[in-house]
1. How much net charge surrounds L87 when only other residues with a Cβ under 12 Å from its Cβ are counted (Lys, Arg +1; Asp, Glu -1)?
2. Given points 7 Å out from each Cα along the Cα-Cβ axis, report the T60 to E118 separation in nanometres with one decimal.
3. Starting from the amide H of L185, placed 1.01 Å from N in the peptide plane, find each other amide H under 5 Å away whose residue is 5 or more places distant or on another chain.
4. For a test of the definition: using alpha carbon positions, the gyration tensor, and the 1.5 limit on a/c, classify the stretch 106-260 as rounded, prolate or oblate.
5. Report the local net charge at D283: Lys and Arg +1, Asp and Glu -1, summed over other residues whose C-beta lies under 9 Å from its C-beta.
6. For the stretch 36-100, what is the Kirkwood estimate of the hydrodynamic radius, computed as the reciprocal of the mean inverse distance between distinct Cα atoms, to one decimal in Å?
7. If we count every other residue with Cβ under 11 angstrom of R103's Cβ, Lys/Arg +1 and Asp/Glu -1, where does the sum land?
8. Under the rule a/c < 1.5 gives rounded, and otherwise a/b versus b/c splits prolate from oblate, where does the stretch 274-327 land using the Cα gyration tensor?
Amino acid sequence: MTPARYSYDEDDVTVRASGRKSRPRTKTRPEHAAATPARVVAVDRGRLTCRLDAGAGVSTQVTAVRARELGRGGVVVGDRVGLVGDLSGAAGSLARVVRVEPRTTTLRRSADDADPVERVLVANADQLVVVTAVADPAPRPRLVDRCLVAAYDGGLHPLLVVTKTDLADPAGLVTAYAGLDVPVLAVRRDRPLRDLRDALADRSSVLVGASGVGKSTLVNALVPDAERAVGRVNPVTGRGRHTSSSAVALDLPGGGAVIDTPGVRSFGLAHVNLGRVLHAFPDLEAGVAGCPRGCDHLPPHCALDAWVAAGRADPARLDSFRRLLASREGGEDA
């Protein structure tokens, strides 16, 4: 005899909850309105050293990490941030950076001119101090020009500091930048740094330059307890050795701060906006109105030649502007 087919009813059915059992994620993130403001003074392997002001001239240094809700945005020296968590500054304590305030200026570079990915080195600085030696190692004008382009692009005021002037006459190097209206200071080890201290007072200044030009030596002289490592120039290659491995901000005794950066051997400018560079030359800026669309501001079709010929601007200024443009098209040592 064939058994009867089993008849199912609702008691035999198990209804499972649809979807995930946990709460659905929300895009709403905490505002952290009570986050404590601070400034990033060093970045090292994911750890951020932040300085928060506690009032009455007292400050505390706190080690922090970047919160996950910040996404992929990087945090660099000079950033103004909001902190939560352990703000005691005690050994082993760790806070979280939950907010990065909008940046007023940025110093950026790419790996090379063909790389469209830019890297922000420092944020919110007022001044870019381009350091170059007059000898040992030999000056690299193209690298200096590229640093100046980065300053104009990022909204920083440039200052050129020529070191080791006891080894050679800096007059030629100083003259080469006269048309750019860039302040130039010549310094040497056996002379006081009074003029440089005045130029840095009450400002946040970034020091950049090739390895071996004396950036760390200057920092140690300006900030006696900085203890930045000082390297030597290779007698065979004529290039310096990297002694600073990461950027660090140091307070100046008389007010202001200096940010020492690792020596650079290349300074890619793939990210630079030509209009921002031109903005640093207000005497030429109005003259490009007659340029054809997409003008590279080089002869023979650029309207700036006629602008200068009409006496509207100094020819030396146009030469200097085009020299900076040329630095964007080739290597620093071209």
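1. Neighbourhood net charge equals 0.
2. 3.6 nm
3. L160, V161, V162
4. Rounded.
5. 0
6. On the way: mean 1/r = 0.0864 Å⁻¹.
Hydrodynamic radius (Kirkwood, Cα pairs) of the stretch 36-100 is 11.6 Å.
7. Spelling it out: positives minus negatives among the neighbours equals 0.
8. Note, shape of the stretch 274-327 comes out rounded.
All of the numbers you see were taken from the coordinates with simple rules; none came from a lab. This structure is a prediction, so every number in the text was calculated from the model and none was measured. Here the Cβ is made from the backbone with ideal geometry for all residues, glycine too, and neighbour counts use every protein chain on show.
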